[in-house]
Amino acid sequence: MKHQKLLILILVLVTVLSSFQVNSASAEEEQNDPISVANSNKPTFGVEINRTYFSDSYEDSLNRAKAANNHWLRLNGLLWSDVQPTSRNDRAWENVGQLDEHIKAASAAGMEVILIIRSTPVWAQKYSIANGDDADYFCGPMKAGNFSDFADFMVEVVQRYSQPPFNVSYYELWNEPDEYRGNKPPIGVVSPAGVFGCWGEKSDSEYFGGQHYGKMLNAVYPAVKNAVPSAQIVLGGLLLPCHPDRPWNYCEMSNFFKGIVSEAGGNFDYANFHGYTIYDTDFPSGILMERESHWWAGRGGMVEGKFNYLQDVMESYGVIDKPILCTEVALADFGNLAVNTKENPFAVETFEAAKADYLVWVFSRNIEIGIKGSTWYHMDSRGWFKSGMLDRNNRPLPAYRAYQVLTTTLGGADYNRKLDLGSGILGYEFRKGGRTIWVLFSEDGSTKTINKSAFPYTIRHVYNLMGGEVTQTDTTIRFNRPIYIDNIYKTQPKFISVPITEVNQHQFYYYYVETASEAPAHFDIHTITPIEIPSWLTLIDNGDGTATLSGTPVNEQLVNKYHDVSIRVTDSQGKTATQSFSIWVNNVNDPPRFISRPVIFAQAGELYVYEIEATDPDYIHGEESLTITAVSKPTWLNFEVFDYDESGIWRAQLSGTPTQAQIDAHPTIRLRVIDNAGLSTEQKYRIGIGNIYFPLIVR
């Protein structure tokens, strides 16, 4: 919850069960034919890319989401006030050009967009300066007299965006509309023109303003359905800070949903809520953090409790068969606990591990209880209160890797049943292509032991949330973080990353190697090893089905040629795949350099000679030609250049006989060598003074 304060939580200590026995419901099926699962619920997984604040990184974030097999993409959002800024007659679609491009890109990437529509223009605002309020509340509702204007706008929206190249089906009306407009800084978070909704009415003790939103739906829903029947109207994700019967501030906000359904009935397609679990080090797992949070403790927790409440309210008003989405969910560090200190140097690492664990849990459990789609908020730029799957530079955090493994393993599967494995072990069974997949969790984060003999199927793969190894013996499996167990067979590993096949001399080469299983039904443990790699490269297996191949070609013998690479991936059953490719190293022109040291001291009346030598690393390619010149010298010195002898060394000479007065003048000598591409190096020194000016590269 974005504005919640951390309260004192009750510590629940759960005693772990060291082993369990499972009663087999049926013998393992060895055929590959798909099975029919009652009440089939295919998992779908989603993220929000926070384009509101970080639009410049959208393309990179979208590519990350695509690489993680992402399904739902929530975008915030289309602003009504941008398209019709001054009157109902406006049509400024050019103002949303960037959003249009973002939606097109998401559709092209195969994702299902949930498009948020919000921001009431000034001319339609119920609360505005013109109406005597302290601000123009774009976050708030329109006047009742403008419901038809918004309905007309929504008809245009669905007609425009339901078609290619946008292909949007889901339209979410406002973001967190149950917030109250007076909840502004320094107390709250609402900005009149911000991303939070502010339809809530503290003066309405029964419905907190929700009926006004319901009346809006009564105008919009029939108009949209008449125009584009397939368009799906999604309620703005509700904050639902706590159950309304609790005697705390904010709890009355949850009556907003009652107001919606009491007025609009079923004039919407999806109910929708947000459920953030507060990171709390008093609890050893995100499961307990969610369940025991003060705000929804005793009601099922921060996510399940809200889901149950929405179901109960709809049932009480006779609204049935309306699916529910959770469009913002995450483990967030509202208390700023994930900061490394002398007392806790691994605070950040601990939090990131807990977040990854919780991600697997919340998506899996939400599927089990019947939430039709969950969206992690937000994926990019470190997220909301550190909730992100990616860091500030959009580099993957552990949660991102956990998400990839989750979507690869459970994407396209059917949820089958909740597992009864005894105290302290939670699990869910999925079926894919006639095979069984279990995802298991330690409720309190302590180590659990499973007896293999108790499984109702042949165990073929066991891997953890990162796709890594799990502690096993011939008879037992031990785990304290989420794991997957399946009986999927005949899978073959494969490389899914595309090699980098060209690099410049002196440039750092970096190839992030990624693997998966040939069958999309499976992830598995993958070990990556070199078969043949050049000496200037190093392969590091990350232990999670990825590796890095990196190095810098600096030796001139390496350039203008191909370097063969061959690497192998091996899965847990010994099946292998090979990726072979060649890297071309481009020559980069190097500056020439002097290899002779100047003769600094001279004797009056005696011949002074300095044999000058210069070379260039590129001479080995047979196309280099150096020119040595004397930029400045005393008149008593003669400068002579010698013919090149194909040795890789270019030669010249300074010679002459000085007088004592000429020596005492300490003349400056400045030499230059230049290659045929114009790169040069200078050597500068003074006669009789023992300091040498080191070569200066002039490009």
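Every read-out reported here was derived from the displayed coordinates using simple, explicitly stated rules and does not represent laboratory data. Not measured: the values here are computed from a predicted model. All Cβ positions, even for glycine, are placed from backbone atoms using ideal geometry, and neighbour counts span all protein chains on display.
Treat each spin label as a single point 7 Å out from the Cα along the C-beta direction, and report the GLU59 to LYS322 distance in nm.
Using points 7 Å along Cα→Cβ, the separation is 4.1 nm.
For GLN232, list long-range residues whose amide hydrogen, built 1.01 Å from N in the peptide plane, is under 5 Å from its own amide hydrogen.
Distant-sequence amide H within range of GLN232: TYR170, TYR171.
Of the chymotrypsin sites (Phe, Trp or Tyr not before Pro) in segment 459-510, which ones lie in a loop per DSSP and count no more than 11 other C-beta atoms within 10 Å?
PHE508
Mind jotting down the three principal axis lengths of segment 493-586 based on Cα atoms? Whole angstrom, largest first.
Over segment 493-586, Cα extents along the principal axes are 45, 18, 18 Å.
Among residues other than THR546 whose Cβ falls under 10 Å from its Cβ, what is the net charge (Lys/Arg +1, Asp/Glu -1)? Please list the in-between numbers first.
Numbers: positive: ARG401; negative: GLU514, ASP541, ASP544.
In short, -2.
Hey, can you grab everything whose amide H is under 5 Å from the amide H of GLY301? Only 5+ residues off in sequence or another chain; H modelled, so Pro and N-termini drop out.
Those qualifying (amide H under 5 Å, at least 5 residues apart or on another chain) number zero.
Residue by residue, what Karplus-based ³J(HN,Hα) values in Hz, rounded to whole numbers, does segment 424-431 have, using 6.51, -1.76 and 1.60 with θ = phi - 60° and x for Gly and Pro?
Whole-Hz 3J(HN,Hα) from phi for segment 424-431: x, 10, 10, x, 9, 10, 10, 10.
If you average 1/r over every pair of different alpha-carbon atoms in segment 459-540 and take one over that average, what Kirkwood value in Å do you get?
Across segment 459-540, the inverse of the average 1/r is 15.3 Å.
Most exposed first by the Cβ proxy, i.e. fewest other Cβ within 10 Å, how do LYS355, LYS202 rank?
LYS202, LYS355
Please identify the chymotrypsin sites (Phe, Trp or Tyr not before Pro) of segment 313-370 that satisfy two criteria: DSSP loop assignment and at most 13 other Cβ atoms within 10 Å. Which are they?
PHE346
Scan around LYS448 for amide H atoms under 5 Å from its own, H built in the peptide plane at 1.01 Å from N, and keep only partners 5 or more places away or cross-chain.
For LYS448, whose amide H was placed from the backbone, the distant partners under 5 Å are PHE479, ASN480.
When only DSSP loop residues count, what chymotrypsin sites (Phe, Trp or Tyr not before Pro) in segment 557-629 have their Cβ near at most 12 other Cβ atoms within 10 Å? Don't skip to the answer; put the middle values down first.
Numbers: sites: TYR562, PHE581, TRP584, PHE594, PHE601, TYR608, TYR610, TYR619; in loops: PHE601.
Of the chymotrypsin sites (Phe, Trp or Tyr not before Pro), the ones in loops of segment 557-629 whose Cβ has at most 12 other Cβ atoms within 10 Å are PHE601.
Where does the charge balance sit around ASN226 when Lys and Arg score +1, Asp and Glu -1, over other residues with C-beta under 15 Å from its C-beta?
Its environment carries a net charge of -2.
Take the alpha-carbon positions of the chain, form their convex hull, and give its projected area averaged over all directions (one quarter of the hull surface) in nm².
42.8
So if we plug the beta-carbon distance of ALA92 and SER148 into 1/(1 + (r/R0)^6) with R0 = 25 Å, what FRET efficiency do we get, rounded to 0.05?
My answer for the efficiency is 0.80.
Counting only other residues whose beta carbon sits under 13 Å from that of ASN272, what net charge do I get with K and R as +1, D and E as -1?
-2
When DSSP assigns beta bridges and you keep just the ones with both residues in the chain, what percent turn out antiparallel, to the nearest 5?
On the way: 90 of 128 bridges.
Counting only bridges with both partners in the chain, antiparallel ones make up about 70 percent.
Please list log₁₀ I(q)/I(0) at q = 0.21 Å⁻¹ for segment 427-486, using the Debye equation with identical point scatterers on the alpha-carbon positions.
After summing over all Cα pairs, the log10 values are -0.82.
Rg to Rh ratio, segment 593-698, alpha-carbon atoms and Kirkwood radius?
Using Cα coordinates only, the ratio equals 1.00.
Among ASN226, ILE187, TYR170, whose Cα projects farthest towards the positive end of the dipole of segment 160-284, with charges put on the beta-carbon of Lys, Arg (+1) and Asp, Glu (-1)?
Working it through, the farthest residue towards the positive pole turns out to be ASN226.
So what are the ³J(HN,Hα) numbers for segment 160-177, from phi and the Karplus equation (6.51, -1.76, 1.60; θ = phi - 60°), rounded to whole Hz, Gly and Pro as x?
6, 8, 7, 9, x, x, 7, 6, 8, 10, 10, 10, 9, 9, 6, 10, 6, x
Show log10 I(q)/I(0) for segment 45-420 at q = 0.08, 0.11, 0.13, 0.15 Å⁻¹, two decimals, from a solvent-free Debye sum over equal Cα scatterers.
-0.38, -0.75, -1.08, -1.45
Tabulate in residue order the Karplus-calculated ³J(HN,Hα) for segment 137-144, using 6.51 cos²θ - 1.76 cosθ + 1.60 with θ = phi - 60°, rounded to whole Hz; enter x for Gly and Pro.
With the stated coefficients, segment 137-144 comes to 8, 5, 6, x, x, 8, 5, 4 Hz.
Which aspartates and glutamates does LYS372 reach when only Cα atoms under 18 Å apart count, and residues fewer than 8 places away in its own chain are ignored?
Correct list for LYS372: GLU48, GLU112, GLU172, ASP269, GLU304, ASP312, GLU315, ASP321, GLU328, ASP414, GLU429.
Per DSSP H run of at least 4 residues, take -39500 (n - 2.57); add these up for the chain, divide by its residues and hand me the 222 nm value, nearest 500 deg cm²/dmol.
-6000 deg cm²/dmol
Counting pairs of alpha carbon atoms under 8 Å apart in space and at least six apart in sequence, what relative contact order in percent does the chain give?
Over the chain, the number comes to 10 percent.
Among the Cys residues of the chain, which have no other cysteine Cβ under 4.7 angstrom away?
CYS326
Estimate the FRET efficiency between VAL554 and ASN451 by the formula 1/(1 + (r/R0)^6), using the beta-carbon distance for r and 51 Å for R0, to the nearest 0.05. Kindly include the intermediate steps, with their values, before the conclusion.
Values: r = 55 Å, r/R0 = 1.08.
It comes out at approximately 0.40.
Given the pairs LYS306/LYS448; LYS258/LYS306; LYS104/LYS386, which span a C-alpha to C-alpha distance of over 21 angstrom in this model?
Going by Cα-Cα distance, LYS306/LYS448; LYS104/LYS386 fall outside the 21 Å limit.
In whole angstrom, how far apart do the alpha carbon centroids of segment 483-560 and segment 119-177 sit?
If you average the Cα positions of each part, the centres end up 49 Å apart.
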